Amino acid sequence: MYPFTLERPQSTADAARLASAGGRPLAGGQTLLASMKLRLTQADQLIDLSSIKDLSGICRDGNAVVIGAMTRHADVAGHAEVQSLIPALADLAGHIGDRQVRAMGTLGGSVANNDPAACYPSAVLALGATVHTNSRKIAADDFFKGMFATALAEGELITAISFPIPQRAAYMKFKQAASRFAMVGVFVAQFPTGVRVAVTGASSDGVFRHKGLEQALSASFTAQAAAAVKIDVAGLNEDIHGSAAYRANLISVQTQRAVAKALG
């Protein structure tokens, strides 16, 4: 690990000021610290966000659940209101990594990092969430820009994410056994206006919406409707863990299972 200094600001404004000056925000550290230990990442200054109380917590705001950026995965998974209003989100959080990761990892850290196989981005995109930062609000469809890339500007910090409450939703993940990341994960959410389907893990570009599945499920929210959609292999990952065709089949299967789970 390369030498660095550590700052512990007490407010979002102070953290944003340090980040704008070149500091690197530290949320749960489950990706950043591991990369630094391997000297794959160098940060001269880390900005520990854990002391900023305003960045943690969960509450309902109208027809949405608002979750602070520094809220841990385990807290999302165990929160009674999340379990009641968006059980699919609680279920997703409860199956991220292992207990240590869930105890330390944060919602904001995961979404800002935008790992192409992370689980949370699929929930943000499928639920049509809004990402709140220290300076603006960003719609989910405008936030994710490709592998490890987001719409966040230099020094901009996620403060919270608001998740609209769906009629039904479910997340199904086919895990890569060693990493526990999603080899393919599918989040399906039904709203009065239609169905949104987000896929993670299948493409090196990161999370994406599948329009064909959305159209089919908006017309008929059934596993049979999902099964009838042909999944194009173009743009899907091909590596030692599976071919593009294998991942295409997983997208179909996981979508069917997610719909069946959402229907109970």
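Specify which of the listed residues (A43, A34) is of a type outside the set (S, T, N, Q) and in a helix (DSSP H, G or I).
One residue alone meets the criteria, A34.
Counting only residues that are under 11 Å from L157 (Cα atoms) and surrounded by fewer than 19 Cβ atoms within 10 Å (Cβ to Cβ), which one in the range 19-42 is nearest to the chain's Cα centre (by Cα)?
Of everything passing the filter in the range 19-42, R24 is nearest to the chain's Cα centre (by Cα).
Go through L250, L236, L152 for me and flag whichever is part of a helix (DSSP H, G or I), surrounded by 14 or more Cβ atoms within 10 Å (Cβ to Cβ) and among the hydrophobic types (A, V, I, L, M, F, W, C).
L250
Within the set of pairs 6 or more residues apart or between chains, which connect a residue that is polar (S, T, N, Q) inside the range 229-242 to a residue that is assigned to a loop (DSSP other than H, G, I, E, B) with Cβ atoms less than 7 Å apart?
As it stands, the answer is N237/A202; N237/S203; N237/S204, since those pairs meet every condition given.
Run P164 past the list (1) free of Cβ contacts under 8 Å to residues at least 60 places away in the same chain; (2) over 30 Å from A34 (Cβ atoms) and report the number of the one that doesn't hold.
(1)
Here is a list of conditions, (1) closer than 28 Å to A149 by Cβ; (2) modelled with pLDDT of 95 or more; (3) part of a loop (DSSP other than H, G, I, E, B), and D205 meets all of them except one; can you say which number that is?
Looking at each condition in turn, D205 falls short on (2).
Can we say A216 is of a type in the set (G, A, S), closer than 22 Å to A260 by Cβ, part of a loop (DSSP other than H, G, I, E, B) and modelled with pLDDT of 95 or more?
no
Just checking, does the range 52-65 include any residue being at positive phi, surrounded by fewer than 16 Cβ atoms within 10 Å (Cβ to Cβ) and in contact (Cβ under 8 Å) with a residue 24 or more places away in the chain?
Within the range 52-65 (the criterion being at positive phi, surrounded by fewer than 16 Cβ atoms within 10 Å (Cβ to Cβ) and in contact (Cβ under 8 Å) with a residue 24 or more places away in the chain), the answer is no, since none of the residues qualifies.
When the residues of the range 110-119 are filtered to those that are in a helix (DSSP H, G or I) and among the polar types (S, T, N, Q), which remaining residue is surrounded by the most Cβ atoms within 10 Å (Cβ to Cβ)?
Ranking the candidates gives S110 first.
Taking the criterion of being of a type in the set (S, T, Y) and in a helix (DSSP H, G or I), would at least one residue in the range 47-60 satisfy it?
no
Return a yes/no flag: does the range 233-253 have any residue that is closer than 19 Å to A169 by Cβ and either of a type in the set (S, T, Y) or at pLDDT below 95 (or both).
Yes - at least one qualifying residue is present in the range 233-253.
Go through the range 120-143 and give me each residue that's surrounded by fewer than 24 Cβ atoms within 10 Å (Cβ to Cβ), within 15 Å of the chain's Cα centre (by Cα) and outside any helix (DSSP H, G or I).
Those that are surrounded by fewer than 24 Cβ atoms within 10 Å (Cβ to Cβ), within 15 Å of the chain's Cα centre (by Cα) and outside any helix (DSSP H, G or I): G128, T130, H132, I138, A139.
Residue check, S204 against (1) under 20 Å from A88 (Cβ atoms); (2) touching a Pro at 6+ places or on another chain (Cβ under 9 Å); (3) hydroxyl-bearing (S, T, Y), all met but one. Which one?
The failed condition is (1).
Within the range 164-201, count every residue that is part of a strand (DSSP E or B) and surrounded by 24 or more Cβ atoms within 10 Å (Cβ to Cβ).
Count: 18.
Can you name the condition, by its number, that V207 falls short on among (1) buried (at least 21 other Cβ atoms within 10 Å of the Cβ); (2) over 14 Å from the mean Cα position of the chain (by Cα)?
With respect to (1) buried (at least 21 other Cβ atoms within 10 Å of the Cβ); (2) over 14 Å from the mean Cα position of the chain (by Cα), V207 is out only on (2).
The values are calculated or read from the model by the stated rules, or taken from the named source; none is laboratory data. Quantities reported herein were computed from a predicted structural model and do not represent experimental measurements. Please note: Cβ atoms are built from the backbone with ideal geometry, for glycine as well, and neighbour counts cover all protein chains shown.
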